[in-house]
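To start, the structure itself, in structure tokens.
The values are calculated or read from the model by the stated rules, or taken from the named source; none is laboratory data. Just so you know, these numbers come straight off a predicted model, no measurement behind them. Glycine gets a Cβ as well: all are built from the backbone with ideal geometry, and neighbour counts include every protein chain shown.
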Amino acid sequence: MIRVLVTGFETFGDEPVNPSKELAIKLDGQVLGRAQVYGYVLPVSYNRAKKAVKYILETIDPRIVLSFGLSPQRTVVSIERIALNYAHSRIPDNDGVFLSHARIINEGPIALESTINTQRARDIFIENGIPAIVSYHAGTFLCNYVFYLMLYYSMVSERKAGFIHIPYTHKNIISMLRRNKIKTAPSIDEEKLLHAIRKLIINLVEEERLVSHNSK
């Protein structure tokens with residue numbers, strides 16, 4: 001079995017629902033083809049997230065990492081291509097911390113590239129009814145922060161790591177409507193999204209198995 005780590009984030013700001021958190025919880029413990037999936041919910045905290053990323057990578061030692069984060073500004077699923085070695089906050093993290101033009105890893109490269117096939121990931125989402133694009137900017141908040149750390153701590157291993165931004169789901173919009181917080185925004189179906197992610201995991205694991213087999 002190939003160990004696959006799926007991470008999401010806890011809720012933050014005035015968002016009572018974080019679909020990335022729910023994805024990690026729902027996928028935790030599942031066996032998908034040759035994949036054993038481990039789900040982990042990360043804190044929306046610079047200090048605690050850095051410690052958590054190191055801990056789960058060392059403890060689980062996954063071959064593949066898929067990290068997810070909510071981006072309310074996105075209208076489609078966005079598979080991120082580039083992680084920047086900068087953290088810059090317009091809003092505080094859940095501990096009230098702002099970072100301004102800060103390097104994530106002082107000695108690290110200025111940018112790191114996703115090690116999953118982003119174009120193939122995009123195609124898998126589309127094939128399974130979820131609109132998706134390849135994105136070249138993951139922002140400078142916690143999503144980019146975690147993306148960079150996952151790639152940096154995986155540089156000396158064969159681990160593959162990628163980050164995917166997801167837009168609002170139907171549950172987000174329903175929650176806002178129930179609170180009379182009317183906000184017109186595109187949203188996607190949670191179960192269709194989950195189905196597409198399962199297909200992506202199976203595909204990534206099969207690619208890894210073929211690479212390992214061909215290298216022997």
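Would you pick out the residues in the range 32-64 that are hydroxyl-bearing (Ser, Thr, Tyr), part of a helix (DSSP H, G or I) and more than 25 Å from Ala102 (Cα to Cα)?
Going through the range 32-64, the residues hydroxyl-bearing (Ser, Thr, Tyr) turn out to be 38, 40, 45-46, 55, 59.
Next, only the ones that are part of a helix (DSSP H, G or I) stay: 46, 55, 59.
Once the filter is applied, which keeps residues that are hydroxyl-bearing (Ser, Thr, Tyr), part of a helix (DSSP H, G or I) and more than 25 Å from Ala102 (Cα to Cα), the range 32-64 yields only Thr59.
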Test set (1) surrounded by fewer than 19 Cβ atoms within 10 Å (Cβ to Cβ); (2) among the charged types (D, E, K, R); (3) touching a strand residue (DSSP E or B) at 6+ places or on another chain (Cβ under 6 Å) - Glu127 fails condition number: (3)
In the range 30-64, the residues that are over 19 Å from Glu10 (Cα atoms), small (Gly, Ala, Ser) and modelled with pLDDT of 95 or more: Ala35
Counted residues, the range 161-187 - those being aliphatic (A, V, I, L, M) and buried (at least 24 other Cβ atoms within 10 Å of the Cβ): 3
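Is it the case that some residue within the range 65-84 is at pLDDT below 95, part of a loop (DSSP other than H, G, I, E, B) and touching a strand residue (DSSP E or B) at 6+ places or on another chain (Cβ under 6 Å)? Full working, then the answer.
To start, the set of residues in the range 65-84 that are at pLDDT below 95 comprises 71-75.
Applying the additional criterion that residues be part of a loop (DSSP other than H, G, I, E, B) yields 71-75.
Those still in the list that are touching a strand residue (DSSP E or B) at 6+ places or on another chain (Cβ under 6 Å) too: 71, 74.
Yes, because at least one residue in the range 65-84 is at pLDDT below 95, part of a loop (DSSP other than H, G, I, E, B) and touching a strand residue (DSSP E or B) at 6+ places or on another chain (Cβ under 6 Å).
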Any hit, the range 135-146, residues being more than 22 Å from Ser157 (Cα to Cα), surrounded by fewer than 16 Cβ atoms within 10 Å (Cβ to Cβ) and in contact (Cβ under 8 Å) with a residue 40 or more places away in the chain: yes
Which listed residue, of Leu70, Leu99, Leu5, Leu66, is within 30 Å of Lys181 (Cα to Cα) and within 14 Å of the chain's Cα centre (by Cα): Leu70
